[in-house]
Amino acid sequence: MDIRLDRPSLISWLEEERPDRLAELYEAAYNTKLSTVGDKVYLRGLVEISNICRKNCLYCGIRRDNRNTGRYEISVDNVLDAAEFAFRDGYGSLVIQGGERMDRAFIDKITHILKEIKKRWPLGITLSLGEQSKDVYREWFEAGAHRYLLRIESSDKQLYERIHPVDPLHSYRTRIQALKDLRDCGYQVGTGVMIGLPFQNAWNLADDLLFFKKMDIDMCGMGPYLEHSGTPLYSYRHLLLPKERRLELSVTMVALLRLLMPDINIAATTAMQAIDPFGREKAIMAGANVLMPNLTLAEVRDEYQIYQNKPGAGEDAAISSSITERRLREMKIPIGRDQWGDSIHFSRRH
Ligand code: SAH
Ligand code: SF4
């Protein structure tokens, strides 16, 4: 099938709901994946290092002003345990994610963790720790991180400003600058958006895809927006699409992005799994090639509720990872064991 990817065509795909048409799109994207990045899925063990955050994003359950969540920060040893688990289980990589903090103690802790991991195991390391100064990005790169995920959340400045407080701490321009700084420091850069936000339409989503292309990103992680009752955006929940449609739109976004940027890495995200136990697998069948099983310590998992009913609550690393692997086996999706699974797009650019 010949699929056009100009803006009007992207918009009409994002408005498409006929299952047979969508199945054709997903198949085309899957075939593109096979011929560019291959059939393997790469695993990155996810460690949610802390839910302490200086920001107040209007959608996020761990925003600074949500007083109804306990705050935690896991120890260096806990992160090293997760890294060891990832390495032993044949995951090529680790993702360290958390709330945004710029205090020196936190920055030093991350630098220390990166160096310790690199001393012990040949793991690839992705960071997802929000906006930082260019010097900090450089420090972490030199300590061993080589990929960074920083979602733009929405590439439309107006929509960005409806889902964030409008103040210097939540500036759209600073976020764009951070993505450029990451690129300058040598990282493989990943970004992404939330799908099905209140006030968002098919035009916005098409523009998000074109934004990824224009920014020439190496990786993408995007997923459905899920409302959280402890956040200001919850009061707009009557504007939301049904959850199943938000998931379908997310899978369609994955497929269109695979066709638009055939050799980047695209993640099948946990929020997809929150809507449908097989949500991530659907994204894989539509072009995604990265999965991030949660390796966060069971004791603190419930407190990393960026949205409610996050899957995997109470599970430990061994359970989450065996569930993921069993599903992949059942669906005959091969795993790229013991490999970093770097973005081919990045290597080609260099
Ligand atoms: N603090 C870092 C990383 C942790 S948040 C940062 O913001 O970059 C990671 C991602 O969780 C965010 O980029 C956002 O896209 C997603 N997220 C937050 N709240 C969400 C919600 N209610 N529904 C779906 N995704 C959400
Ligand atoms: Fe903090 Fe990230 Fe949540 Fe925003 S999305 S409140 S920066 S954890």
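Subtracting the Cα-Cα distance of Leu5 and Arg245 from their residue separation scaled by 0.36 nm leaves 84.2 nm. ³J(HN,Hα) across region 232-248 via Karplus (A = 6.51, B = -1.76, C = 1.60, θ = phi - 60°), whole Hz, x for Gly/Pro? For region 232-248, the Karplus curve yields x, 5, 4, 5, 9, 5, 5, 8, 7, 6, x, 4, 4, 6, 4, 5, 4 Hz.
Cβ-Cβ distance of Ser229 and Leu80, R₀ of 30 Å, FRET efficiency by 1/(1 + (r/R0)^6): the value works out to about 0.30. Model label sites at Gln158 and Arg54, defined 7 Å from Cα along the beta-carbon direction, differ in position by 3.2 nm.
Would you list, by chain and number, the lysines whose Cα falls below 30 Å from the Cα of Lys40, excluding same-chain residues fewer than 8 positions away? Within reach: Lys115, Lys118, Lys119, Lys180, Lys213, Lys214, Lys243, Lys282, Lys310, Lys332. Entry note, the chain: the mean residue ellipticity at 222 nm calculated from DSSP H runs of n ≥ 4, each adding -39500 (n - 2.57), is -13500 deg cm²/dmol after division by the residues and rounding to the nearest 500. The length gained by stretching the chain between Asp103 and Asp184 to full extension, at 0.36 nm per residue less their Cα-Cα distance, is 26.9 nm.
Residues in region 266-288, backbone N under 20 Å from the label point at Ile323 (7 Å along the Cα-to-beta-carbon vector): list them, ranges by number please. It comes to 267-285, nothing else. Taken along the Cα-to-beta-carbon direction at a fixed 7 Å, the label points for Met215 and Leu169 span 2.2 nm. Sorting Met222, Met102, Met285 by the number of Cβ atoms found within 10 Å of their own Cβ, with the fewest placed first, yields Met102, Met285, Met222.
Treat every Asp and Glu Cβ in the chain as -1 and every Lys and Arg Cβ as +1, leave all other atoms uncharged, and give the resulting dipole magnitude about the Cα centre to the nearest 20 debye.
Details: 49 positive and 49 negative charges, 82 e Å.
The dipole of the chain has a size of about 400 debye.
Order 48-59, 190-201 from most to least packed using the mean count of other Cβ atoms within 10 Å.
Details: 48-59: 20.3, 190-201: 23.3.
Packing order, densest peptide first, comes out as 190-201, 48-59.
For region 51-105 versus region 172-203, the inter-centroid distance based on Cα atoms is 20 Å.
What FRET efficiency, computed as 1/(1 + (r/R0)^6) with R0 = 30 Å and r the Cβ-Cβ distance, is obtained for Phe199 and Ser133, rounded to the nearest 0.05?
Working: r = 31 Å, r/R0 = 1.04.
About 0.45, to the nearest 0.05.
With the biggest extent put first, the Cα atoms of the chain measure 51, 43, 39 Å across the principal axes. Length available on full extension from Arg348 to Tyr236: 0.36 nm per residue minus the Cα-Cα distance, which gives 36.0 nm. Taking amide H as placed 1.01 Å from N in the peptide plane, Gly196 has its amide H under 5 Å from the amide H of Tyr225, each at least 5 places away in sequence or on another chain.
For region 63-93, the residues whose backbone nitrogen is under 14 Å from a point 7 Å from the Cα of Trp121, taken along Cα to Cβ, are 77-93.
Read-outs: derived from the displayed coordinates by stated rules, not from any lab. The structure presented is a predicted model; accordingly, all values stated were derived computationally and were not measured. Virtual Cβ from ideal backbone geometry, glycine too; neighbours counted across all protein chains shown.
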